[in-house]
Structures are given as structure tokens and as C-alpha cells.
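The values are calculated or read from the model by the stated rules, or taken from the named source; none is laboratory data. Small disclaimer: the values here were computed from a predicted structure and weren't measured. Cβ: placed from backbone, ideal geometry, glycine included. Neighbour counts: every protein chain shown.
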Amino acid sequence: MKLNGDNDMGLFIHLFVNSHNISTEQWQSVYDESLVLLQHFPAKLSRFDTEIINGQERYHYTTELIMCEGTPNEKWQVSGDMVSDKHAESFSLARHLDACYAKEDARDVLWVRDDALHYIGGYGYDLFDHKTQGYPYHCAILAVGILVESRFSGNAYVTGDINTEQAEMMTAWCNAILKKMVKKPVC
């Protein structure tokens with residue numbers, strides 16, 4: 001399944017976060033919710049990993065999305081799915097916000113300098129900034145972006161190669177999975 005035609009495309013998803021008003025507890029709660037979304041995605045998600053076979057390091061795909069579990073560096077990572085067997089760039093989200101992202105000042109995440117108005121960015125860190133090539137996991141990453149934006153309004157937003165139908169579809173899907181509702185993204 002391709003989301004935008006049959007040709008491989010450089011389709012991006014960006015997730016800008018300004019962590020100024022986000023507590024450690026709030027972030028970890030959203031991290032846990034993001035795992036619920038990833039675990040319920042209809043196609044089993046996967047990531048790149050390495051293993052040692054006969055003394056040689058080899059690449060492979062794994063459905064174990066969490067890396068460095070139980071450590072300050074814990075994060076999940078997704079780079080494709082096992083149903084379509086399509087993989088592109090990896091997306092990840094860290095459990096511990098303070099360990100990975102510095103605090104910004106209190107500006108709204110949608111603020112941008114006057115000389116940068118033609119860029120897609122906002123005021124914060126772009127936690128995703130990768131390409132999905134339009135493969136099915138694009139929707140899973142979009143769902144996480146919608147979750148983060150909805151939980152941290154004014155401090156996070158998801159944008160990129162997303163159309164209205166995808167945003168509406170994934171917002172409805174998130175609301176069918178999560179206990180607390182999310183809203184359709186701003187951009």
C-alpha cells in the first residue's frame with residue numbers, strides 16, 4: 001500500500017516539540033500512550049537492528065520496538081512494518097524528555113522568526129524529521145504525532161506530507177484506541 005501513488009516519494013513527517021511547559025511525568029504518560037498506539041497498529045511495526053552471527057555483525061528487522069528499556073536512554077524506534085515488508089527511515093521517541101531535549105523558552109511552538117516564515121519549522125525540536133516514503137507505517141507515525149500535539153497543545157505540532165483525509169482517519173483511529181480523546185492536528 002502506498003499513500004501517494006506508486007512511486008517512492010520523499011514523504012516527511014515532522015514533530016516539533018517545545019518542552020518548556022512539559023513535565024517529566026506528562027511526557028512519560030504520552031510516551032506510554034504512544035506505545036499503545038504502536039502496539040495496536042494493524043500492520044506489525046518493525047525497526048532495524050543488528051545481531052552477531054558467527055562473529056559477524058548483521059542487520060535484520062525486529063518487532064521489538066523498545067530500545068535500551070529501563071535506562072535513561074529508553075526509546076521506541078520504528079522504520080517500517082512486517083506486513084507490507086516496506087521500510088524507510090527510522091522514527092523514534094524517547095521516554096525521558098529531559099535526557100534528550102533541552103528546555104526552550106515559553107514561546108508557542110508555532111512561533112517562527114520573520115526571516116524563516118517560508119520554512120516548515122516552528123519553535124522547538126523536530127523530533128521526527130524523516131521520510132516514510134509513504135509506506136504504511138506513515139500512518140502509525142502520524143498517529144503518534146497527533147497524540148503528542150493533542151496532549152501538548154501550544155508546545156507540539158505535527159506537520160509534513162499529510163492530507164486532511166489522513167489526519168481525520170488517524171485522529172478517529174487514535175480515539176478508538178486511546179482512553180482520552182485527541183484532536184485533529186492544526187497543520
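Criterion applied to THR71, THR50 was being assigned to a strand (DSSP E or B), over 20 Å from LYS131 (Cβ atoms) and either β-branched (Val, Ile, Thr) or in contact (Cβ under 8 Å) with a residue 60 or more places away in the chain (or both), and the one residue passing it is THR50.
When you look at SER92, is it polar (S, T, N, Q) and in contact (Cβ under 8 Å) with a residue 40 or more places away in the chain, yes or no? No; evaluated as a whole, the condition is false for this residue.
Among the conditions (1) among the hydroxyl-bearing types (Ser, Thr, Tyr); (2) modelled with pLDDT of 95 or more; (3) out of contact with any Leu (no Cβ under 8 Å at 6 or more places or on another chain), SER23 misses just one, which is (2).
For every residue, the table says whether it meets (1) surrounded by 15 or more Cβ atoms within 10 Å (Cβ to Cβ); (2) over 21 Å from LEU178 (Cα atoms); (3) hydrophobic (A, V, I, L, M, F, W, C).
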{"position": "LEU11", "(1), (2), (3)": "yes, yes, yes"}
{"position": "LEU15", "(1), (2), (3)": "yes, no, yes"}
{"position": "THR24", "(1), (2), (3)": "no, no, no"}
{"position": "TRP27", "(1), (2), (3)": "yes, no, yes"}
{"position": "SER34", "(1), (2), (3)": "yes, no, no"}
{"position": "ARG47", "(1), (2), (3)": "yes, yes, no"}
{"position": "GLU57", "(1), (2), (3)": "no, yes, no"}
{"position": "LEU65", "(1), (2), (3)": "yes, no, yes"}
{"position": "GLN77", "(1), (2), (3)": "yes, no, no"}
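On the stretch given as region 151-187, residues that are part of a helix (DSSP H, G or I) and out of contact with any Pro (no Cβ under 8 Å at 6 or more places or on another chain) total 13. Within region 127-142, one or more residues are at pLDDT 90 or above, closer than 28 Å to GLU25 by Cβ and among the small types (Gly, Ala, Ser).
Conditions (1) loosely packed, with under 11 Cβ neighbours inside 10 Å; (2) of a type outside the set (Asp, Glu); (3) modelled with pLDDT of 95 or more, marked per residue:
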| residue | (1), (2), (3) |
| --- | --- |
| TYR61 | no, yes, no |
| ASN73 | no, yes, no |
| ASP81 | no, no, yes |
| PHE91 | no, yes, yes |
| HIS96 | no, yes, no |
| CYS100 | no, yes, no |
| ASP105 | yes, no, no |
| VAL112 | no, yes, no |
| LEU117 | yes, yes, no |
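Restricted to region 28-59, and to residues there that are modelled with pLDDT under 95 and either among the charged types (D, E, K, R) or under 14 Å from GLY80 (Cα atoms) (or both), the residue that is farthest from the chain's Cα centre (by Cα) is GLU57.
In region 129-143, the residues that are in a helix (DSSP H, G or I) form Cβ pairs under 7 Å with partners that are among the small types (Gly, Ala, Ser), at six or more places apart or across chains, as follows: TYR137/GLY80. Residues that are surrounded by fewer than 24 Cβ atoms within 10 Å (Cβ to Cβ) and touching a strand residue (DSSP E or B) at 6+ places or on another chain (Cβ under 9 Å) within region 158-184 comprise THR159, GLY160, ASP161, ILE162, ALA167, LYS183, listed in sequence order.
Of HIS60, HIS87, HIS96, HIS20, all but one fail to be out of contact with any helix residue (DSSP H, G or I) (no Cβ under 6 Å at 6 or more places or on another chain), within 19 Å of ASP129 (Cβ to Cβ) and not hydrophobic (A, V, I, L, M, F, W, C); the exception is HIS87.
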